[in-house]
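Heads up, the thing below is written out as structure tokens.
The values are calculated or read from the model by the stated rules, or taken from the named source; none is laboratory data. Just so it is clear, the structure is predicted and the values come from calculations on it, not from any experiment. A quick note on method: Cβ atoms are made from the backbone with ideal geometry, for glycine too, and the neighbour counts reach across all protein chains shown.
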Amino acid sequence: MFDELLPAIENSIVSASGALPVVFEGIEHTLEKTTPVTTSSRHSSHELLCLRSGRVEFTIEGKHTFILEKGSILILRPNTEHAVKVISGQADMFVLYFGFSRDIEVAGKAINQMSQPKVENTDKPHSGPSVAVPYIMAQTPLENFLDFASNDGDADPSKSKYIIISGAYKKNITSIVERIVEESKSQLLNKELMMQIMTVELMVTLARAMKSEWEESLRVKNGKARELVLIAKDYIDRNFDRGISVADAASYVFLSQGYFTRAFRDELLISPMSYLMKKRIERACELLENNEIKVSGVAAQTGFSSPQRFNVAFRKQTGMTPMEYRRKKQNL
């Protein structure tokens, strides 16, 4: 039974997200202020750092420098040049290197290899994952979010290379990272399954944390919320006939449905659901004037899941059924 469970879960993850999240390596670091470090390094995978104690200075792309305190969580994007310097007595941290693979077999090999004993050269500071990242990397929600959120006109492009998590999710993320590192060291039953479950949990928690931070930042960015609403409105205008939902439009601009609904109504004085229905019914009225198209065909071409739902929505919007509307137009 257990042998069948892991492939089933892996396949369900891939089918739901399009890619399998994989932690390629987890490291527990304790660096002293006098510990030699590389001038700079870069990795082909995402890097997540949880600072459990101490203070460190990070420099990104040799230009942007900032301080991380105890409890900080930093995500670096792939191929981002960075350097770290301990500025307190010592710094204790967990580091995960992770990515996304569409290949379950490759993902499984990465997890297995992660737990193998490694021979490290203690004369050189550790500078990255010791397992190869799969060649095929999926376009993930995490990567798409970072692209979208960093495209806000900031004059410093290095700031788009990383994100600092500072909200209420920090403790949850740190706890999951610690569990992943500890599990990777174990030889417990169905370790691979547990690693997959915790990695998915980490990705979901990161997504929630970043979306929360993103929405909070909009409250202090003048005009940004309006810009996002207009982008979402354009998305609805182009896709209303494809069965999209308000949740789809909210996800398109990386907002929660509740926040998006409030922002949309504030900017356009109409709820996104009402706007979506308005677009569909307007198009349906145009199609109903063509007698060769059946009512069921009109429903399908305007994004309704069934003729019954179409009839209910149409009557609510116009006060008549689709057939009554068609006859009215024919008699004009």
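Every residue, every condition in (1) touching a strand residue (DSSP E or B) at 6+ places or on another chain (Cβ under 6 Å); (2) of a type outside the set (Lys, Arg); (3) closer than 16 Å to ASP241 by Cβ; (4) loosely packed, with under 12 Cβ neighbours inside 10 Å, yes or no:
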{"position": "ARG265", "(1), (2), (3), (4)": "no, no, no, no"}
{"position": "LYS278", "(1), (2), (3), (4)": "no, no, yes, no"}
{"position": "ILE293", "(1), (2), (3), (4)": "no, yes, yes, no"}
{"position": "PHE304", "(1), (2), (3), (4)": "no, yes, yes, no"}
{"position": "GLU324", "(1), (2), (3), (4)": "no, yes, no, no"}
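ASN311 fails exactly one of the following numbered conditions: (1) surrounded by 16 or more Cβ atoms within 10 Å (Cβ to Cβ); (2) of a type in the set (S, T, N, Q); (3) outside any helix (DSSP H, G or I). What is the number of that condition?
(3)
Tally up the residues in the range 219-238 that are more than 14 Å from ARG265 (Cα to Cα) and in contact (Cβ under 8 Å) with a residue 24 or more places away in the chain, please.
The total comes to 4.
Would you confirm whether any residue within the range 183-199 is within 30 Å of SER53 (Cα to Cα) and touching a Pro at 6+ places or on another chain (Cβ under 6 Å)?
Yes, there is a match, as at least one residue in the range 183-199 is within 30 Å of SER53 (Cα to Cα) and touching a Pro at 6+ places or on another chain (Cβ under 6 Å).
Given the conditions (1) crowded, with 16+ Cβ neighbours inside 10 Å; (2) closer than 23 Å to VAL95 by Cα; (3) out of contact with any strand residue (DSSP E or B) (no Cβ under 7 Å at 6 or more places or on another chain); (4) hydrophobic (A, V, I, L, M, F, W, C), and given that VAL204 satisfies all but one, which numbered condition is not satisfied?
Of everything listed in (1) crowded, with 16+ Cβ neighbours inside 10 Å; (2) closer than 23 Å to VAL95 by Cα; (3) out of contact with any strand residue (DSSP E or B) (no Cβ under 7 Å at 6 or more places or on another chain); (4) hydrophobic (A, V, I, L, M, F, W, C), VAL204 misses just condition (1).
Please specify each residue of the range 154-186 satisfying the condition of being modelled with pLDDT of 90 or more, within 23 Å of GLU215 (Cα to Cα) and among the hydroxyl-bearing types (Ser, Thr, Tyr).
Correct list: THR174 only.
So which of SER306, SER296 ends up being touching a Pro at 6+ places or on another chain (Cβ under 6 Å) and not assigned by TED's automatic domain parsing to the domain that holds ASP234? Working first, answer last.
Numbers: SER306 fails: touching a Pro at 6+ places or on another chain (Cβ under 6 Å).
Selected residue: SER296, the only one of SER306, SER296 that is touching a Pro at 6+ places or on another chain (Cβ under 6 Å) and not assigned by TED's automatic domain parsing to the domain that holds ASP234.
Would you call GLY223 on the phi > 0 side of the Ramachandran plot, touching a Gly at 6+ places or on another chain (Cβ under 8 Å), among the small types (Gly, Ala, Ser) and surrounded by fewer than 17 Cβ atoms within 10 Å (Cβ to Cβ)?
No, not satisfied.
Applying the selection to the range 57-84, what residues are surrounded by 16 or more Cβ atoms within 10 Å (Cβ to Cβ) and charged (D, E, K, R)?
GLU61, ARG77, GLU81
Which condition number in (1) modelled with pLDDT of 90 or more; (2) of a type outside the set (Lys, Arg); (3) at positive phi is the one that ASN79 fails?
It fails just one condition, (1).
If a residue must be assigned to a helix (DSSP H, G or I), modelled with pLDDT under 90 and over 27 Å from PHE100 (Cβ atoms), how many such residues does the range 187-244 contain?
Total meeting the criteria: 4.
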